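Please treat every number below as a calculation from the coordinates, not as lab data. Note that this is a predicted model, so its numbers are computed, not measured.
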């Protein structure tokens, strides 16, 4: 896929090749969705209504199944903000100057969306939930939807969901909705690359290993260690009967095909990358590791006005970029 190649492309050269490819997924309780007679949400507002409709309460009004489960861990908030900004037609950084764009309308709307989710369909204390917690919530019936699921979650569902329910008839995938200012869906790429450093002590041996690794019979065995999440980067392997013969690949094909859709349409990008030009920014990893974006969301969810949370994050990001010597505005 072009998206897989481009994440390792810079100044006309390719500097790596991902060991596999995957995208984030919106995973939902398909059986409940059908029982309620719901339609796939195309917008964020429609998504909230669907999630609300899939909630369940006991006779005393206490929530026994929440509409949504989200991880509150910094990495996953970074991932989600990048996705949501892209799905809302925005940019996190000015394409010409690299200046943070956190106070833009599109990013403010992302924070407002988080506020609405937290107030309506997310469980109390969700900011303390990790990635595995969200899958546990889905598999055990405590939540109806995951916005930040991944293919490897099929294995978690088979392990933790009740017998007779660990299948695509109960756990399906939907196209992620777009924001009020957006026109298209967006997802995140999960694909770490192999690279051989120019000062490597054994570059020839490393290259030999990669040839061995990507030999189809070996590569397929590797991909099958985490089916539905380790997707083949090689087109020939995608169509190889030996790859397709895996029980999990056959069973959860719907999940695989959704990831193929995100790749084929170019709607999947790496974390915090809204447009491929963002890869040229020299401070991307520093922003990712700074906690600025997760703090922005946390501030908004905990009651700070979205504009104020965005302005605070904007100032912190500008200060960091300036200290790094990359200010161009």
#### Entry: Average Cα contact separation per residue, the stretch 210-258, under 8 Å, 6 or more apart, as relative contact order %
32 percent
### Message
Which one, 82, 16, 303, has the greatest fluctuation when you compute a Gaussian network model over the chain with C-alpha springs under 10 angstrom?
### Response
303
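Classify the stretch 208-329: rounded, prolate or oblate, from the alpha-carbon gyration tensor (a ≥ b ≥ c, eigenvalue square roots; a/c under 1.5 rounded; otherwise prolate if a/b is larger than b/c)?
prolate
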### Query
Under the definition of Cα pairs under 8 Å and six or more residues apart, what whole-number percent is the relative contact order of the stretch 22-114?
14 percent
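Just for the chain, what percent of DSSP beta bridges are antiparallel, to the closest 5? Don't jump to the answer; show the numbers that get you there.
Details: 16 of 21 bridges.
Here the share of antiparallel DSSP bridges comes out near 75 percent.
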### Gaussian network model of the chain, Cα within-10 Å springs - most flexible of 48, 196, 108
196
### Task
Give the distance, in whole Å, between the Cα centre of the stretch 131-188 and the Cα centre of the stretch 1-80.
7 Å
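Given only helices, namely DSSP H runs of n ≥ 4 each adding -39500 (n - 2.57), what is the per-residue ellipticity at 222 nm of the chain, to the nearest 500 deg cm²/dmol? All intermediate terms of the calculation are to be shown ahead of the outcome.
Values: 16 runs with 147 residues, N = 329.
It comes out at -12500 deg cm²/dmol, rounded to the nearest 500.
Multiplying the sequence separation of residue 43 and residue 302 by 0.36 nm and subtracting their Cα-Cα distance, what value in nm do you get? Spell out each step's value before the answer.
Numbers: separation 259, 0.36 × 259 = 93.24 nm, distance 2.41 nm.
Value of the extension gain: 90.8 nm.
When a/c is below 1.5 the answer is rounded, else prolate if a/b is larger than b/c, else oblate, so apply that to the chain with a ≥ b ≥ c taken from the square roots of the Cα gyration tensor eigenvalues. Show your work: numbers first, answer last.
On the way: a/c = 2.04, a/b = 1.07, b/c = 1.91.
The shape class here is oblate.
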